[in-house]
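Peer 1: Pasting a structure here, questions to come.
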Amino acid sequence: MFTKTFKEISKKDVGIAGGKGASLGEMTQAGISVPPGFVIIIDAFDRFLEETDLGVDIVSILKKINYKDMSSVDRASHEIRDMIHDVPMPKDLAKLFLAEFKKLKAPHVAVRSSATAEDSAVASWAGELETYLNTTEKNIFENIKKCWSSLFTQRALFYAFEKGVFSKKHQQKIRAGTSKIKDSYPVSVAVVVQKMVQSEISGVCFTVHPVTEDKNQMVIEAGYGLGEAIVSGQITPDTYVVNKREFSNIDINFSEQSRMIIKKKGEGVEWKPVSRKKQNQQKLTSKQIVELAKLCDRVEKHYKKPQDIEWALEKGNFYITQSRPITTLNTRK
């Protein structure tokens, strides 16, 4: 088995499904509104490297990296990613992935990297790896490989080194020339394939105020279109502060938004102008803010710790597309 549906995964499966995949499975099992999908577990990446004989070559490149020289890291990253890109997906894996894709009955999916070290005590890998939105059957294999190879971006390689996830044992194995990635590189990557939500409005929610660290307040950010615009910092979203005890709005600040990210015709995404009428409007109504706040509060109560949540609104329905612990809070509060 190289794939598991969200219904087959829980928070205990970070080791095979990564932080993102395990969280989506956990919320699905808890009955929280999550778009359906499946996870290509890390064993599939190992199988890919074994069948294509890339493992030895990648370890050889990792062995030569000088982390004090960014050009050395960049050169290694390009070599590894090009190798993964250039080899075709093995037929047995391609057949399996395509069958699971078709079970979703969705013309477009999000293909998202899910690192096994993600949101762990070692380091938060959020944002270090890659996501490909509105993926179709035509390019699903290519985007799966891109997610695998994003484990070796210049940023991810240096992040791993900087956070000290290369133990002495891993460093020794790299120098010894082991042929197995998992022996020499302490992080692996699963891939989430999830039915695409074509959100009219989307955003993030911090179930504890990220600035004041007030546990009785949550902060919701909202913008038109797909959430990538907010997550990547390319637009200024509305900000709503909610009292978690009474589910009342404490503060509402709405921002002008002149453009948004939407599904591109065919595949991928593109920027589109927001109509003049909507540019200066509040994105969510007060009723919708309360509805979303209650949903996010439910997620926090399930995990029993503050959460950083990504959400989407499509045709009047809210969906949770990701949830992870907030790692920046002062634990004394």
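The values are calculated or read from the model by the stated rules, or taken from the named source; none is laboratory data. Keep in mind that what you see is a predicted model, and the values were worked out from it rather than measured. FYI the Cβ positions are ideal-geometry reconstructions off the backbone, even for glycines, and counts take in every protein chain you see.
Peer 1: Which condition number in (1) within 30 Å of Ala30 (Cα to Cα); (2) under 24 Å from the mean Cα position of the chain (by Cα) is the one that Lys264 fails?
Peer 2: Looking at each condition in turn, Lys264 falls short on (1).
Peer 1: Mind listing whichever residues of region 239-298 are within 17 Å of Val204 (Cα to Cα), charged (D, E, K, R) and touching a residue at least 60 places away in the same chain (Cβ under 8 Å)?
Peer 2: Hits for region 239-298 are Lys283, Asp297, Arg298.
Peer 1: Inspect all residues belonging to region 215-234 and state whether any of them is surrounded by 15 or more Cβ atoms within 10 Å (Cβ to Cβ), over 13 Å from Gly203 (Cβ atoms) and not assigned by TED's automatic domain parsing to the domain that holds Glu137.
Peer 2: Initially, region 215-234 is screened for residues surrounded by 15 or more Cβ atoms within 10 Å (Cβ to Cβ), giving 217-231.
After this cut, where a residue has to be over 13 Å from Gly203 (Cβ atoms) as well, the list is 217.
Filter once more, keeping what is not assigned by TED's automatic domain parsing to the domain that holds Glu137: 217.
The answer is yes, given that some residue of region 215-234 is surrounded by 15 or more Cβ atoms within 10 Å (Cβ to Cβ), over 13 Å from Gly203 (Cβ atoms) and not assigned by TED's automatic domain parsing to the domain that holds Glu137.
Peer 1: Any residue at all in region 263-277 that is assigned to a strand (DSSP E or B) and of a type in the set (Lys, Arg)? Steps first, please.
Peer 2: Just the residues of region 263-277 that are assigned to a strand (DSSP E or B), to begin with: 263, 269-273.
Add one more test, that the residue is of a type in the set (Lys, Arg), and what stays is 263, 272.
Taking every residue of region 263-277 in turn, at least one turns out to be assigned to a strand (DSSP E or B) and of a type in the set (Lys, Arg).
Peer 1: Residue by residue through region 44-64, note down the ones that are within 27 Å of the chain's Cα centre (by Cα) and within 23 Å of Tyr159 (Cα to Cα). Steps first, please.
Peer 2: Initially, region 44-64 is screened for residues within 27 Å of the chain's Cα centre (by Cα), giving 44-52, 54-55, 58-59, 61-62.
Residues satisfying the conditions are Phe45, Asp46, Leu49, Leu54, Gly55, Ile58, Val59, Ile61, Leu62.
Peer 1: Within region 31-53, restricting attention to residues that are in a loop (DSSP other than H, G, I, E, B) and in contact (Cβ under 8 Å) with a residue 24 or more places away in the chain, which residue is nearest to Ala115 (Cα to Cα)?
Peer 2: Quick first cut of region 31-53, residues in a loop (DSSP other than H, G, I, E, B) only: 31-36, 41, 53.
Then drop every residue that is not in contact (Cβ under 8 Å) with a residue 24 or more places away in the chain, which leaves 32-36, 41.
On the way: Ile32: 22, Ser33: 23, Val34: 20, Pro35: 20, Pro36: 20, Ile41: 10 Å.
Ranking the candidates gives Ile41 first.
Peer 1: Here is a further query. List the residue pairs whose Cβ atoms are under 7 Å apart, where the first residue sits in region 87-111 and is closer than 26 Å to Ser199 by Cα, the second is part of a loop (DSSP other than H, G, I, E, B), and the two are 6 or more positions apart or on different chains.
Peer 2: Partner pairs satisfying both residue conditions: Leu104/Pro36; Ala106/Met196; Pro107/Thr136; His108/Thr136; His108/Met196; Val109/Met196; Ala110/Met196.
Peer 1: Condition first: assigned to a strand (DSSP E or B), more than 14 Å from Ala222 (Cβ to Cβ) and in the same structural domain as Ile252 (by TED's automatic domain parsing). Can you find one or more residues in region 292-307 that meet it? Even if it seems obvious, please write down each step before you answer.
Peer 2: First pass over region 292-307, keeping only residues assigned to a strand (DSSP E or B): 307.
Next cut, more than 14 Å from Ala222 (Cβ to Cβ) only: 307.
Still in the list and also in the same structural domain as Ile252 (by TED's automatic domain parsing): 307.
Yes: region 292-307 contains one or more residues that are assigned to a strand (DSSP E or B), more than 14 Å from Ala222 (Cβ to Cβ) and in the same structural domain as Ile252 (by TED's automatic domain parsing).
Peer 1: Select from region 24-44 the residues that are crowded, with 24+ Cβ neighbours inside 10 Å and either over 17 Å from Ala110 (Cβ atoms) or modelled with pLDDT under 95 (or both) and list them in ascending order.
Peer 2: Correct list: Ile41, Ile42.
Peer 1: Being under 27 Å from Lys278 (Cα atoms), β-branched (Val, Ile, Thr) and at pLDDT 95 or above is the filter here; which residues of region 201-234 pass it? Working first, answer last.
Peer 2: So in region 201-234, the residues under 27 Å from Lys278 (Cα atoms) come out as 201-206, 218-234.
Among the residues that remain, those that are also β-branched (Val, Ile, Thr) are: 201, 204, 219-220, 230-231.
Of everything in region 201-234, those that are under 27 Å from Lys278 (Cα atoms), β-branched (Val, Ile, Thr) and at pLDDT 95 or above turn out to be Ile201, Val204, Val219, Ile220.
Peer 1: Looking at region 45-65, is at least one residue buried (at least 23 other Cβ atoms within 10 Å of the Cβ), in contact with a Phe, Trp or Tyr (Cβ under 7 Å, 6 or more places away or on another chain) and at negative phi?
Peer 2: For region 45-65, residues buried (at least 23 other Cβ atoms within 10 Å of the Cβ), in contact with a Phe, Trp or Tyr (Cβ under 7 Å, 6 or more places away or on another chain) and at negative phi: present.
Peer 1: Confirm whether Met83 is assigned to a loop (DSSP other than H, G, I, E, B) and at pLDDT 95 or above.
Peer 2: Working: assigned to a loop (DSSP other than H, G, I, E, B): no; at pLDDT 95 or above: yes.
In short, no.
Peer 1: Determine, yes or no, whether Val269 is crowded, with 16+ Cβ neighbours inside 10 Å and over 30 Å from Val208 (Cβ atoms).
Peer 2: So Val269 fits the description; yes.
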